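Asks: Dumping the structure here so I can ask a few things about it.
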Amino acid sequence: MPLKHTRIPRIMAPAKLEIHLTEVENSICELLHNCTRFLQKEKGISITCRIAGGWVRDKLLGSQSNDIDVALSDIMGLAFAEYLADFAHSQGVETGTITKIEQNPDQSKHLETATFKIFGLDIDLVNLRSEEYAEESRIPTGVAFGTPLEDALRRDITINALFYNVHTREVEDFTEKGLDDMRKGLIRTPMPPRETFHDDPLRVLRCVRFSSRYGFDVVQEVKDAVKDPAVQEALVTKVARERVGVEVGKMIKGRDPLRAAQLIHELSLYHSIFSVIPPEVRSSIPPTLFAKDPDIALASLSILQALLYLEDSHQLAPHPSLLSVVDEDPSSRARLCLASLLLPFIGMTYQHKTDKTLPVVTVVIRDSLKLGTQNHYLDGIPILFSAIALIKASMAEHSINPLDRVKLGLLLRNKVVHNPTTGNHWTTSLLFSMVIDLVPCYNVSVDSFDGDAASKIISSYTSFINTIVDLGLQNAVDAKPLLNGHEIGLAFGVKQTGPWIGKVTSDVVEWQLGHPSGSKDECIEWLKGQGTARYISAKDLQSKPSKRLRTK
């Protein structure tokens, strides 16, 4: 059974590539056109306005876009924004406040931009430009007014280098490749790829991302350039890790994360993306990991995506409960995708300067990708990794001697397996554990998945989850303890807290797991029968309490 086919179709360009404006877009274009005519007549200023980049691409492909970037000839964005706002007011058109966005090369803002709202949409205004780059940096050393062709050539890929002329209402393809590449579904750079990647290596990742977004094929010339060691080294040395993390984040939250992973693997980009970590951490990793792009990363994501898209009737379809959270929560899916990509680092630790032993995957997320707790990447993935051993041990015990309701319930309530504060749900923990168990069934090099072996593994998880569901434990995972601290204190006739409260609460949870129909009064009677001495020592009663139990 092959897994290479991603099951996500390419976005096909319409037979006729043309742009259909909405009423609001038409109003914006008319305002821009009339303003330039006014400036030509009244001030002798000649300006051409073109909508650039992503808006043109998306409109041609039949998608709506609110990302309107206006490229201006021979005038800075702020100056034109002020002219446009004055003209709009003279025509009775309300505009928002003009905001000047300063140059911020780290965020790919190489020129100041003016932005404001017209007809309810935000538009950015910036002049056409040409750029020059230094050897050691992806930040332009020289930015000047440019021609439409120069502006188009400096862009990342040809389908992003198209313009829409608001005066002629025509699409302009100055590279003479963008429209044709859109029809054929190709990712190509406007300039020779080695040259453009040397100028800005971030374009390597953008090629991967847009390929996965639209299902377009990367042309061989670009692939060859990406594999150039000099280009890959530049990706490490010239690109801020925050920018790498942004691109990876968009890939795993996009239409087809697997296509991105396949390209990363094919183009040997894995370590340039994920293994840029401090030397003291790198030294704790077996050198064999860096010898080649690890198959396990692609294997795990291939299996994950296959499971997510299998029909319910398929013999390898996972238990529906495993997909319940993933189907409802996009961040959960993205987290599982990133966890799959980072699987080569599972179980690896390093000695921190505080003498603590910490997981390497934390450093990869924090330092190589500069991703934090958004989507629970930094706080959720290390815990997801930690849950694997616990789940496997419980399943192994269950296969020999079925676990009772209490033991299964405690497993699901364990904060390593299920913890909403870190985004971890017991279903996603079990799903990821199953993916890891299935990895040996997939041979990446020949794209062969052993369906018979996989079926046995999936059946074992299905049986395990059926037991959980039959016992009604899926509803007990987040249940609060039947008794709170005040009620526990009343049962024992004490008014002060202590460490003993935690032990009692744990036992209360075990009791209610074993007595799913039990009432609060029954639990209190059981607790009294346990006896105060089981939990509270004379020292506990004599010590100064940190706080008193609530009496209300």
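The values are calculated or read from the model by the stated rules, or taken from the named source; none is laboratory data. Bear in mind that the values here come from a model prediction, so they are computed numbers and not experimental data. Because the Cβ atoms are built from the backbone with ideal geometry, glycine has one as well, and the counts that use them run over all protein chains shown. For accessibility, only protein heavy atoms count, side chains too; no ligands or nucleic acids. Shrake-Rupley method; radii C 1.70, N 1.55, O 1.52, S 1.80 Å.
Asks: Would you calculate a helix-derived [θ] at 222 nm for the chain, using -39,500 (n - 2.57) for each DSSP H run of n ≥ 4 and dividing by the full residue count, to the nearest 500?
Replies: Helix-only estimate at 222 nm: -14500 deg cm²/dmol.
Asks: Run the numbers on the range 165-276 and let me know its relative contact order in percent, using alpha-carbon pairs under 8 Å that are six or more apart.
Replies: 28
Asks: Given the C-alpha centroids of the range 300-358 and the range 411-459, what is the distance between them in whole angstrom?
Replies: After rounding, the separation between the Cα centres reads 7 Å.
Asks: Where does each of 449-461, 282-294 land if you order them by average Cβ count within 10 Å, highest first?
Replies: Per-residue Cβ counts within 10 Å, averaged per peptide and sorted highest first, yield 449-461, 282-294.
Asks: Related question: Of the heavy-atom accessible surface of the chain (probe 1.4 angstrom), what whole percent is carbon and sulfur?
Replies: 50
Asks: Let me ask another. Just list whichever of LYS177/LYS292; LYS370/LYS415; LYS292/LYS370; LYS184/LYS253; LYS253/LYS370 have alpha carbons separated by over 28 Å in the model shown.
Replies: Exceeds cut-off: LYS177/LYS292.
Asks: Aspartates and glutamates near LYS16 by alpha-carbon distance under 12 Å, same-chain residues fewer than 8 away left out - which ones?
Replies: Straight-distance partners of LYS16: ASP180.
Asks: If I compute volume of the Cα convex hull per residue in Å³ from the structure I just sent, which labelled value in (i) 174; (ii) 162; (iii) 217 lines up?
Replies: So the calculated entry is the one marked (iii).
Asks: Something else now. As a quick test, which of the pairs LYS392/LYS456; LYS43/LYS117; LYS250/LYS392 have an alpha carbon distance above 23 angstrom in this structure?
Replies: Result: LYS43/LYS117; LYS250/LYS392 exceed 23 Å.
Asks: Can you tell me which aspartates and glutamates have their Cα less than 13 Å from the Cα of LYS528? Leave out same-chain residues fewer than eight positions away.
Replies: Of all the aspartates and glutamates, those that pass the test against LYS528 - Cα under 13 Å, at least 8 places apart if same chain - are GLU487, ASP507.
Asks: Please work out the C-alpha center-to-center distance from the range 217-274 to the range 17-66 and express it in whole Å.
Replies: The two parts, judged by their Cα centres, are 33 Å apart.
Asks: Can you give me the relative contact order of the range 306-430 as a percent, contacts being Cα pairs under 8 Å and 6 or more apart?
Replies: Rounded, it is 24 percent for the range 306-430.
Asks: Could you list which residues have their amide H under 5 Å from that of THR95, counting only those 5 or more apart in sequence or on another chain, with H placed in the peptide plane?
Replies: none
Asks: Sort 179-191, 376-388 by packing, meaning the average of other beta carbons within 10 Å per residue, with the highest value first.
Replies: Listed from highest to lowest mean packing, they are 376-388, 179-191.
Asks: Turning to a different aspect of this structure: Excluding ligands, DNA and RNA, what is the solvent-accessible area per residue of the range 229-268 at a probe of 1.4 Å, expressed in Å²?
Replies: Value returned for the range 229-268: 35 Å² of accessible area per residue.
Asks: In whole percent, what relative contact order does the chain give with Cα contacts below 8 Å and a gap of six or more residues?
Replies: Relative contact order of the chain: 10 percent.
Asks: Additional query: Taking a probe of 1.4 angstrom, what is the accessible area of ARG366 in Å², to the nearest 10?
Replies: 100
Asks: Same structure again: So in the chain, what percent of DSSP beta bridges are antiparallel if you round to the nearest 5?
Replies: So the antiparallel bridges in the chain amount to around 80 percent.
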